[in-house]
1. Checking residue B:329 against (1) in a loop (DSSP other than H, G, I, E, B); (2) surrounded by 21 or more Cβ atoms within 10 Å (Cβ to Cβ); (3) touching a strand residue (DSSP E or B) at 6+ places or on another chain (Cβ under 7 Å): exactly one of these is not met. Which one?
2. Would you confirm whether or not the range A:56-65 contains a residue that is surrounded by 18 or more Cβ atoms within 10 Å (Cβ to Cβ), within 8 Å of chain B (Cβ to nearest Cβ), touching a helix residue (DSSP H, G or I) at 6+ places or on another chain (Cβ under 6 Å) and within 25 Å of residue B:362 (Cβ to Cβ)?
3. Would the range B:74-83 turn up any residue that is within 23 Å of the chain's Cα centre (by Cα), closer than 15 Å to residue B:125 by Cβ and in a helix (DSSP H, G or I)?
4. Please report, ordered by residue number, the helices (runs of 4 or more DSSP H) entirely within the range B:239-325 with at least 3 residues that are out of contact with any strand residue (DSSP E or B) (no Cβ under 7 Å at 6 or more places or on another chain) and more than 28 Å from residue A:56 (Cα to Cα).
5. Exactly one condition in (1) out of contact with any helix residue (DSSP H, G or I) (no Cβ under 6 Å at 6 or more places or on another chain); (2) closer than 16 Å to residue B:348 by Cα; (3) more than 8 Å from every other protein chain (Cβ to nearest Cβ) is false for residue A:27; which is it?
């Protein structure tokens with residue numbers, strides 16, 4: 001099989017999609033390692049899957065519903081919800097501004 | 001009094017307390033002594049509950065008649081299990097300072113059953129790994145040879161049981177993560193049917209694969225743990241209505257005329273000759289026990305690994321997208337290498353132009369792998385296979401070659417793809433290192449696996465860890 005090889009542009013594109021910030025060392029290492037992983041998983045293309053239905057739920061459950069009711073026993077208080085936040089402001093999560101003035 | 005926790009089972013501990021031979025306080029102190037003795041060298045637990053809190057809890061239980069199913073039993077939890085008020089890291093620096101505000105359903109059930117949570121166990125970060133080396137903290141060592149890996153990803157849960165820091169360790173199994181550390185540490189580990197145990201409150205790796213299983217010294221201890229934790233949970237829509245059997249009571253009903261399947265595709269070239277020989281001895285033991293042997297075929301075994309390493313990273317990239325460092329946890333800069341590798345692989349497989357070729361094809365191959373098992377179980381009751389093609393390997397041996405590391409799980413991942421249960425049982429020692437075998441059954445056949453595992457287990461004596469005592 002043809003060897004897959006990812007370019008540095010590919011790595012940049014994927015890391016942007018994944019919202020990961022990679023160092024230059026990581027980028028060059030991942031280009032090699034991800035290419036090897038792609039070679040490994042690409043062999044699946046050779047399996048005949050004509051007329052085979054996909055499986056997403058392995059035990060065959062379908063349409064699991066519940067009543068649209070509020071379950072207060074599993075609700076978090078505002079204090080609990082904010083308990084692990086790195087920064088809060090007047091009871092809100094605080095984030096960096098994403099718009100300019 | 002001093003108790004040898006390393007060789008004590010849950011069943012024996014319950015009997016001991018109920019017969020007033022020792023107390024829950026004795027058990028907790030025994031576990032704490034082993035934690036003090038081993039944790040700094042073996043890197044087993046990431047968080048240990050405060051001694052005063054543990055002793056208060058144990059004293060409360062000592063005032064009772066120990067009538068709960070796990071009264072006073074010390075347990076460690078893999079650090080993916082959310083624990084109200086107790087730090088939960090997932091083995092990752094992203095969650096280094098994260099303290100959940102609620103318990104996972106399994107934790108709620110264990111507490112209600114009288115268990116004492118001793119601490120949180122080290123693991124490959126987010127469950128990504130087969131060796132324990134992918135932790136963002138210090139890698140856990142194998143108690144039988146500290147230069148070797150204990151198996152992962154539930155590495156600390158297994159070693160904690162082996163070194164007597166607890167009587168059971170909880171784990172998760174997405175591709176091998178309960179069974180492999182059990183195999184590498186001479187313990188019993190169950191990967192149950194998908195949906196048998198609630199995933200609510202357990203940090204997700206790959207949601208259509210993740211199962212919750214436990215690591216114990218014996219099959220009967222494992223049956224007890226599943227009996228307590230299994231069942232429908234309204235908070236996890238993928239749990240099943242299928243009734244939970246009284247696994248512990250069904251253990252003594254010796255299975256008769258059982259046919260055991262041996263998959264011909266598992267006799268691969270890469271298997272260690274010593275493992276091969278040990279497996280042949282296991283087969284002759286099973287024959288002597290009266291089991292019928294029959295060759296079966298799982299034709300898509302080779303494709304299963306490629307299928308796994310498309311679907312699982314895809315789900316991983318989606319599940320780890322929630323870690324934004326805004327509501328809890330550190331920023332995405334804090335992900336370790338393996339998490340980044342899997343996020344990148346999954347993102348690529350799901351990205352525009354590649355989705356059909358990778359993800360869609362893999363979901364179809366998943367159907368073929370499932371059919372392989374269904375076809376095999378038309379002719380046999382269970383399948384038996386080595387748990388690993390190799391002995392516990394040296395720390396660092398496979399660290400630079402992700403594909404080689406992925407293939408450590410070749411006998412295990414197909415089980416997760418098909419959603420069927422599998423029980424690892426110790427199968428003796430080769431050159432001083434533990435070897436495991438797994439019994440694989442159809443979906444919802446856990447009681448059969450436990451019964452067969454118990455019959456086989458009696459041919460092997462429990463052998464607690466010895467190396468670390470030297």
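1. All conditions are met except number (3).
2. No, that holds for no residue.
3. no
4. B:247-250, B:273-288
5. Result: residue A:27 passes all but (1).
Coordinate-derived values only; no laboratory data. This structure is a prediction, so every number in the text was calculated from the model and none was measured. Here Cβ is always computed from backbone atoms with ideal geometry, including for glycine, and neighbour counts include all displayed protein chains.
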